[in-house]
Amino acid sequence: MKALVIATLGLLPLAGSALAEEGPFASQVEARQGIMRYYAVNIGTLGAMAKGEAPYDAAAAKVAADALAGGASLDTSMLWPKGSDKDAHPGTAALPALWADGADVGGKAKQLRDAAAAMQAAAPAGLDQLRGAMKGVGDACAACHKDFRAES
Amino acid sequence: MRKSGIALLGLIALTAAAAWVLTAPAAPVPEARIAALTPDARHGEQVFLAGGCASCHLAPGATVEGPPILSGGQAFPSDFGTFIAPNISNDPVAGIGVWSARELANAMLHGVSPEGRHYYPAFPYASYARTSLRDVVDLRAYLATLPASSQPSGAHQLGFPFTLRRGIGIWKLLYLNPDWVVDGPLTPEETRGRYLVEGLGHCGECHTPRTPLGGMERSHWLGGAPSPDGKGRTPNLTPGQLKWSAPEIVEYLTTGFTPDYDTAGGHMAAVVANFAELPDADRAAVAAYLKKVPAVAPAPAVP
């Protein structure tokens, strides 16, 4: 029981995942939202420096950028089985378009890997370089969200 | 009795005549004011981006690789029917290649076509009405550098009485008001932000609730509204709800990241892509302006 409470609490920060612990594809949805959150935490470290909310720290920026690139290099294809969309599971906003012919998920995944690699080079090099690499990362995130995520 | 009957008929005729005159599409931009301006196509691209022209006038599903092809065709459902964005490419027949700067100004500032017809306000001239003539002239020059598409414009799918364009004249009398919404003393930066948000950026078109006749509710300016496509709501951008700092707003308009590092979705992704191409100062100006908008209380949660 206690474990369940803790597990449930752990899910709370994930937007749209109130029901992620139930139903078909529950594990896959939970895992992919966890990876998204892992990206967001690390991009958050970089973004806080970009916005001037946190002082620039080359070492911390490197850790975050390495983590982002590491996450982007993971094979997550098994977390996206065909049909694991918002109609099958209320905790996900994934649109059926993600599995449509010509969706070019591979191309978009490569865009994220490339943007993360560019950030890996830029983040430890200086604040201006870090700032310059933020848009590429944002564009890569948006490329998938724009086509494959339902509007909240 | 008979006399008063005639008087009444006369009054009705007069009223009808007055209504006919008042709803007539006027095209009042004077040529002399246009001729005094020197077109700058490079600056026109900035106007094009701030105005978000491509967001609606690209072909459905098209992405921008190189110069945008503004062949139109995207559908915009509304309470009044479905509007189809027209071809505004440089084609002389299917597009607007032959338009003069004055004709573009009449379209953007007054919602009137070169043939003297009212445009439907799905074309956001209620906002573009605040565009400077200089920006229109520069935009005209930039549009002339873009490719032509011979794709004919599709017809709007509207039901009666919205098929009667003359009725738009009444709508314009009620809602086409180029006065600034946020008045009062503003810094130069806030003033620039107001121009971008209230004018070219036409943010109010989606983020301001509408009256039953489809005009923007100035008393709830940028207070968030039901999405035009019927799914969910657009966010309230006023200090009544939006608590983002100015740097957070700038970051959002630059990289698309929200303060918790989610990304812009839907139509806003296209808006962010455009604003990211504008000078830093313009994004900062938008943030500065948004802090000056009167607070609108958050909408009650929908059960």
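For the residues of B:249-256, the average number of beta carbons from a partner chain within 10 Å of their own beta carbon is 5. Net charge of the neighbourhood of B:V272, taken over other residues with C-beta under 14 Å away and scored Lys/Arg +1, Asp/Glu -1, is -3.
Distance between the modelled labels on B:K291 and B:R42, one decimal in nanometres: 3.2 nm (7 Å Cα→Cβ projection).
Take each residue of peptide A:130-140, count the partner chain Cβ atoms within 10 Å of its Cβ, and average: the result is 4. Rounded to 0.05, the FRET efficiency of the A:V41 and B:D179 pair, given R0 = 41 Å and the Cβ-Cβ distance, is 0.35.
Amide H contacts for B:T234 (H built 1.01 Å from N in the peptide plane; partners 5 or more residues away or on another chain; cut-off under 5 Å): B:A225, B:S227. Each residue, A:D101 and A:K62, gets one label point 7 Å from its Cα in the Cβ direction; the gap between the two is 4.9 nm. Considering only B:T191, B:G240, B:N274, and ranking their Cα positions along the charge dipole of the range B:188-290 that arises from unit charges at the beta-carbon of Lys, Arg, Asp and Glu, the one farthest toward the positive end is B:G240. Am I reading the A/B interface right? What is its buried accessible area, both sides, 1.4 Å probe, to the nearest 100 Å²? Adding both sides of the contact gives about 1500 Å². Restricting the range B:200-288 to trypsin sites (Lys or Arg not before Pro) that sit in a DSSP loop and have at most 16 other Cβ atoms within 10 Å of their own Cβ leaves B:K231, B:K243. Taking only protein heavy atoms and a 1.4 Å probe, the accessible area of the range B:188-290 is 61% carbon and sulfur.
Among the residues of A:100-108, the average count of other protein chain beta-carbon atoms within 10 Å of the residue beta-carbon is 0. Taking Lys and Arg as +1 and Asp and Glu as -1, the other residues whose beta-carbon sits under 13 Å from that of B:K172 total +3.
If you find the alpha carbon centre of the range A:73-139 and of the range A:43-60, how far apart are they in angstrom? About 21 Å separates the Cα centre of the range A:73-139 from the one of the range A:43-60.
Taking a ≥ b ≥ c as the square roots of the eigenvalues of the Cα gyration tensor, the range B:45-86 is classed as oblate, since a/c reaches at least 1.5 and a/b does not exceed b/c. For A:R149, the amide hydrogen comes within under 5 Å of the amide hydrogens of A:L95, counting only partners 5 or more places away or on other chains and with H modelled in the peptide plane. Take the Cα of B:F76, step 7 Å toward its Cβ, do the same at A:D114, and the gap between the two points is 3.2 nm.
The values are calculated or read from the model by the stated rules, or taken from the named source; none is laboratory data. All values derive from a computational prediction rather than experimental measurement. Please note: Cβ atoms are built from the backbone with ideal geometry, for glycine as well, and neighbour counts cover all protein chains shown. Remember, those area values only see protein heavy atoms, side chains included, never the ligands or the DNA or RNA. Shrake-Rupley method; radii C 1.70, N 1.55, O 1.52, S 1.80 Å.
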